[in-house]
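Trainee: There's a structure below that I have some questions on.
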């Protein structure tokens, strides 16, 4: 093969071996946090179909020619609508739908949804994610008018009654604009602003932070034989491309939060690989959100039904926290809050 046809080599860094907060040992500090330090990283080189992985110490990483990537990993993350990310944050799931996979129909009426949102906030939710359209595998879309009729009364009923931020979980530009006007603090789009051609401009115009979630295909068909060359690297590259699109549209990287999209166009093996490689996504230079709560991969692994998946959800949440995830999207806020608090206390206690 001629030199002109040799595929370019991409470098990725996946921080590993988290250290206690105390200590002077060389470390890779993630997101500007001194309590989020790693002793080493997997240095991944990808050239076409060829992928090599080597483990390098923090000192070796410092000497390598990866300065721009290390800078993105280490840079402090911007606050989300005033909410700092110096400790793990919880986003409580508030589905105002008849057909969501875990709690569809439980909070369809505005009064029930508002009461549940206030309860989640009392349990410790920093953000309430309000959605009026199910995007579970196999779900059917709803029109914007139906979605707005579900979510606007809930937004209006919660606004001013809780210190928790309000997030709108939607793929539609019309819903984004109306929710922003009603007072939500951020946008969460499972299509990474790709489903609706007008959503990129709409999100930019609102000025709100945006969660870009990775997904493959439409919810109705996304689980039909999803394939990747290397799921961790492919998801990284896809999110990086979406970040670039957002920046060109006027949405600064500091406004963006990335989500690997557990369960959206992924097999069980894909989901487990992503959970094991989450820390690589810090190289994108954005805050990192994980939504694994009650999802089907837990049932696929253990046989547990949606109502029996709290233990698996907590395991996934703690795997995320160990790798520096800043926001956990969860159904069971109180249980997750307790688990995260204890894990963080143990991780930061140091050696006595």
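Trainee: Suppose we filter 55, 44, 61 for residues that are in contact with a strand residue (DSSP E or B) (Cβ under 7 Å, 6 or more places away or on another chain), in a helix (DSSP H, G or I) and not assigned by TED's automatic domain parsing to the domain that holds residue 283; which single one remains?
Mentor: On the way: 55 fails: in a helix (DSSP H, G or I); 44 fails: in a helix (DSSP H, G or I).
Going through 55, 44, 61 in turn, just one is in contact with a strand residue (DSSP E or B) (Cβ under 7 Å, 6 or more places away or on another chain), in a helix (DSSP H, G or I) and not assigned by TED's automatic domain parsing to the domain that holds residue 283: 61.
Trainee: Would you point out which residue out of 234, 230 is touching a residue at least 40 places away in the same chain (Cβ under 8 Å) and out of contact with any helix residue (DSSP H, G or I) (no Cβ under 8 Å at 6 or more places or on another chain)?
Mentor: 230 is the lone residue from the list that is touching a residue at least 40 places away in the same chain (Cβ under 8 Å) and out of contact with any helix residue (DSSP H, G or I) (no Cβ under 8 Å at 6 or more places or on another chain).
Trainee: Picking from 124, 104, which residue would you name as being modelled with pLDDT under 95 and surrounded by fewer than 20 Cβ atoms within 10 Å (Cβ to Cβ)? Break it down stepwise before answering.
Mentor: Working: 124 fails: modelled with pLDDT under 95.
On inspection, the qualifying residue turns out to be 104.
Trainee: Can you tell me which residue among 88, 76, 110 is crowded, with 18+ Cβ neighbours inside 10 Å and modelled with pLDDT of 95 or more?
Mentor: Numbers: 76 fails: crowded, with 18+ Cβ neighbours inside 10 Å; 110 fails: modelled with pLDDT of 95 or more.
The conditions single out 88.
Trainee: Let me ask something else. Out of the range 163-207, which residues are within 21 Å of the chain's Cα centre (by Cα) and surrounded by fewer than 17 Cβ atoms within 10 Å (Cβ to Cβ)?
Mentor: Of everything in the range 163-207, those that are within 21 Å of the chain's Cα centre (by Cα) and surrounded by fewer than 17 Cβ atoms within 10 Å (Cβ to Cβ) turn out to be 194, 207.
Trainee: Just one of 224, 140 is free of Cβ contacts under 8 Å to residues at least 12 places away in the same chain and surrounded by fewer than 20 Cβ atoms within 10 Å (Cβ to Cβ); which is it?
Mentor: Working: 140 fails: free of Cβ contacts under 8 Å to residues at least 12 places away in the same chain.
Of the residues listed, the single one that is free of Cβ contacts under 8 Å to residues at least 12 places away in the same chain and surrounded by fewer than 20 Cβ atoms within 10 Å (Cβ to Cβ) is 224.
Trainee: Hey, which of the helices (runs of 4 or more DSSP H) in the range 239-352, taking only ones fully inside, have at least 2 residues that are in contact with a strand residue (DSSP E or B) (Cβ under 7 Å, 6 or more places away or on another chain)? Full working, then the answer.
Mentor: Numbers: elements: 268-276, 296-302, 310-322, 333-347.
Because the criterion is at least 2 residues that are in contact with a strand residue (DSSP E or B) (Cβ under 7 Å, 6 or more places away or on another chain), the helices (runs of 4 or more DSSP H) in the range 239-352 that meet it are 310-322, 333-347.
Trainee: Okay, next question. Given the options 27, 58, 31, 41, name the one that is touching a residue at least 24 places away in the same chain (Cβ under 8 Å), at positive phi and surrounded by 15 or more Cβ atoms within 10 Å (Cβ to Cβ).
Mentor: Answer to the check: 31.
Trainee: Tell me the residue from 92, 32 that is in a loop (DSSP other than H, G, I, E, B), within 24 Å of the chain's Cα centre (by Cα) and under 30 Å from residue 120 (Cα atoms), please. Explain how you work it out, then say what you get.
Mentor: Working: 92 fails: in a loop (DSSP other than H, G, I, E, B).
Sole residue among the options that is in a loop (DSSP other than H, G, I, E, B), within 24 Å of the chain's Cα centre (by Cα) and under 30 Å from residue 120 (Cα atoms): 32.
Trainee: Moving on. List the strands (runs of 3 or more DSSP E) that sit entirely inside the range 128-235 and contain at least 3 residues that are in contact with a strand residue (DSSP E or B) (Cβ under 6 Å, 6 or more places away or on another chain) and more than 30 Å from residue 44 (Cβ to Cβ). Break it down stepwise before answering.
Mentor: On the way: elements: 165-169, 186-189, 210-213.
Because the criterion is at least 3 residues that are in contact with a strand residue (DSSP E or B) (Cβ under 6 Å, 6 or more places away or on another chain) and more than 30 Å from residue 44 (Cβ to Cβ), the strands (runs of 3 or more DSSP E) in the range 128-235 that meet it are 165-169.
Trainee: If you don't mind, another one. Please enumerate the residues belonging to the range 313-352 that are touching a helix residue (DSSP H, G or I) at 6+ places or on another chain (Cβ under 9 Å) and more than 27 Å from residue 118 (Cβ to Cβ).
Mentor: 315, 319, 322, 323, 324, 347
The values are calculated or read from the model by the stated rules, or taken from the named source; none is laboratory data. Not measured: the values here are computed from a predicted model. Ideal geometry is used to build each Cβ from the backbone, glycine not excepted, and the neighbour counts take in all protein chains shown.
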